[in-house]
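Just so it is clear, none of the values below were taken in a lab; they were calculated from the coordinates. Model, not experiment: these values are computed from the prediction. Note that each Cβ is placed from the backbone with ideal geometry, even for glycine, and that neighbours are counted across all protein chains shown.
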Ligand SMILES: Cc1cc2nc3c(=O)[nH]c(=O)nc-3n(C[C@H](O)[C@H](O)[C@H](O)COP(=O)(O)O)c2cc1C
């Protein structure tokens, strides 16, 4: 198991060009989406939503505002990962999560103290952070079954949100993640040594 995980970590890289002739199965896509669904999130609020963008014309439009990156149109599946914006304890979504999980008053109080005093921008940033955890797990899950991916922030956020018709009072786009099969060999991973990035106290 340890070796399988390590192999997946080495297989994953930011794939720049996908093989347009190879389609992923729905089963494999579900496996990846499930990894997102099962990810941890602060207070268990599951701030994410996943839009699977299959419409070819929509993808062409997105590519134009995404630095013309080939991943957008060549990938077998393109997932827009968005985060929820309405995350104050008084917001309906948070109330429903509290109820769904039968959170006791103590936890609701902690949430109020921790979340509500923050500025809107800080709250958005907090909510966005949660969906990056899901994205990481989804990419590693893909790699574990031989599927390539690329995390992408290289796009004009407002334009992509408009193209996909996102309800921007509720959601904001964090990142696009294409999944599929590589055309080119992956380049060597460039990483610092553990000794450079780990300190024991
Ligand atoms: C949040 C985030 C946004 C990124 N945006 C892009 C992008 O728009 N296009 C791209 O080709 N790579 C993008 N990358 C990939 C990084 O450039 C890549 O992960 C890094 O250079 C390390 O390479 P590796 O993932 O192949 O090991 C992004 C990575 C992250 C984590």
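Over all orientations, the range 44-144 has a Cα convex hull whose mean projected area works out to 8.4 square nanometres. Size descriptors for the chain, from the alpha-carbon set: Rg then Dmax equal 18.5, 54 Å. Per-residue Cβ neighbour counts within 10 Å put 67, 126, 48 in the sequence 67, 126, 48, beginning with the fewest.
Would you compute, from DSSP H runs of 4+ residues alone, the mean residue ellipticity of the chain at 222 nm, taking -39500 (n - 2.57) per run and dividing by the full residue count, rounded to the nearest 500?
Working: 9 runs with 91 residues, N = 201.
Taking each H run of at least 4 residues, the total per residue is -13500 deg cm²/dmol.
Once the cut-off is 19 Å, how many percent of the Cα-Cα pairs in the range 132-201 end up in the long-distance tail? Of the Cα pairs, 57 percent sit more than 19 Å apart.
Quote the relative contact order of the chain in percent (integer), defining contacts as alpha-carbon pairs under 8 Å separated by 6+ residues. Present the calculation step by step, with values, prior to reporting the outcome.
Numbers: 294 pairs, mean separation 72.8, N = 201.
Reported relative contact order: 36 percent.
Order these peptides, 34-42, 77-85, 129-137, 193-201, by their mean beta-carbon neighbour count within 10 angstrom, highest first.
Details: 34-42: 15.6, 77-85: 22.7, 129-137: 19.6, 193-201: 6.2.
Ranked from most to least packed, the peptides come out as 77-85, 129-137, 34-42, 193-201.
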